[in-house]
Amino acid sequence: MKSINVCLIGTGRAGMIHGRNYAKNVQNARLVAVCDPNVESLKAAQEELGVEIGYSDYREVLRDDDIDAVIVVTPTQFHCEIVVAAAKAKKHILCEKPFGVNEEECQLMIDVAKENNVKLQVGFMRRFDESFRQAKALVDQGVIGDVVLVKSLTHGPSELKEWMYDISKSSGPIGEVNSHDLDTLRWFTGSEVESVYAIGGNFRSPEMKEKYPDYYDTVSMNMKFNDGKLGAVDGAQYVQYGYDARAEILGTHGSILVGDQSKLNVVVANKDGEVNKSAMHSWTYLFKDAYAREDQAFIDCILHNTQPEVTGYDGLMSVRLVRLALQSLLEERIVYVEEEKSNG
Ligand SMILES: NC(=O)c1ccc[n+]([C@@H]2O[C@H](COP(=O)([O-])OP(=O)(O)OC[C@H]3O[C@@H](n4cnc5c(N)ncnc54)[C@H](O)[C@@H]3O)[C@@H](O)[C@H]2O)c1
């Protein structure tokens, strides 16, 4: 079978996860180049991944006829420019989430990829996680009857960088951690959100309240879907105890739980009467296999000329839901998707 030549654009935290997969774990793909304007990061990636060609400007990548596909893992603000240029250069694209800074960018990327007949996949790797996939298959088989309510949560452990307190830049946890949950709800319900209500507060960084009064580190959202199903998402940053991603799907006659707070299925009991499990510390560990499957699925959809499992539209809808939920939180009211349409 033909092999797809891949270039990684952006060699930071998430980029290197994809880079390691394409260097070693993905069949019918070859990592032929990497790109990053940060020379240190570029050199380190070339060395670790054993890749000879290193570009400091993505435009050079797009002029390289040997490259069939690009993995865009730059900061989100550069996704649109790079994805649009890559599509025009006829490169297939896997782009990390959040897909774009706003819905207009997302729509532009979708349109240009379509016009140029290239594959465009968005990086919601939970859709490739074995547990999430098994749960979805069980839901589709009707094991719990009809879906009634989908709950999903993500809590991130890390201390925040200063820019993240400014929600005009980060959107807070709704944007930073919950875009995956919003995608999970759409995936499990098979429906679109009709209305959303979000409440939140800053509980862990009181010293930032004066400078960033809108900042919230914890959020709780309730959603109603256009076919009557219900959704609930909670998100939190700087929780310190570990990385936590779980979901529950409640049906008319059953429930499915996905995820666990612990890293391994090992429980230790000691003489003091304590029972311990070690906490999951990072998304990179929890979703390692999911990233590998996501990267393989991207190559397979190019080779078999099928639609990517996670599309630009999924990326766009998640960006839209982040915006609507943030609007609900700031305006302290239920936001209806229809009200937007009728307001033009
Ligand atoms: N799927 C997930 O759960 C997940 C997790 C983490 C990050 N992400 C997303 O991945 C993207 C990157 O995040 P990160 O945490 O790896 O960031 P990072 O800051 O660790 O890395 C970004 C890299 O991109 C490089 N870069 C900047 N501008 C560039 C350009 N024009 N061309 C090429 N490279 C450029 C930077 O030098 C840096 O090395 C973001 O969109 C982020 O939201 C997704």
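The values are calculated or read from the model by the stated rules, or taken from the named source; none is laboratory data. Source: prediction; values computed, not measured. As a convention, Cβ positions derive from the backbone with ideal geometry for all residues, glycine included, and neighbour counts pool all protein chains shown. All accessible areas refer to the heavy atoms of the entire protein, side chains included, with ligands and DNA or RNA removed. Shrake-Rupley method; radii C 1.70, N 1.55, O 1.52, S 1.80 Å.
General observations
- Each Lys and Arg Cβ is given +1 and each Asp and Glu Cβ -1; about its Cα centre, the chain then shows a dipole of about 620 debye.
- Here is the list for the range 214-273: trypsin sites (Lys or Arg not before Pro) lying in DSSP coil, each with at most 14 other C-beta atoms within 10 angstrom of its C-beta, are 271.
- Along the axis of the charge dipole computed for the range 1-61 (Cβ charges of +1 for Lys and Arg, -1 for Asp and Glu, origin at the Cα centre), the listed residues 51, 8, 29 are led at the positive end by 29.
- Cα-based helix-to-principal-axis angle, 79-88 vs the chain, degrees rounded to 10: 40
- The value given for the range 203-309 is a Kirkwood hydrodynamic radius of 18.3 Å, derived from the mean inverse Cα-Cα separation.
- The tail of the calculated P(r) for the range 79-173, taken as Cα-Cα distances beyond 23 Å, holds 50 percent of the pairs.
- Whole-number D in µm² s⁻¹ for the chain, Kirkwood Cα-pair radius fed into Stokes-Einstein, 20 °C, 1.002 mPa s: 101
- Square roots of five times the Cα gyration tensor eigenvalues for the range 4-118, Å: 22, 15, 12
- When exposed loop sites are taken as GluC sites (Glu not before Pro) in a DSSP loop with at most 11 other Cβ atoms within 10 Å, the longest stretch of the chain clear of them is 53-158.
- Most mobile listed residue (266, 258, 84) in the chain, GNM with C-alpha springs under 10 Å: 266
- In the range 261-344 the Cα-Cα distances spread across 10 Å bins starting at 0 as 13, 22, 21, 25, 15, 4, 0 percent of all pairs.
- Degrees between helix 39-49 axis and first principal axis of the chain (Cα, 0 to 90, nearest 10): 90
- Accessible surface calculations at 1.4 Å, restricted to protein heavy atoms, place the chain at 48 Å² per residue.
- Three principal axis extents describe the C-alpha atoms of the range 247-300; from largest down they are 52, 34, 13 Å.
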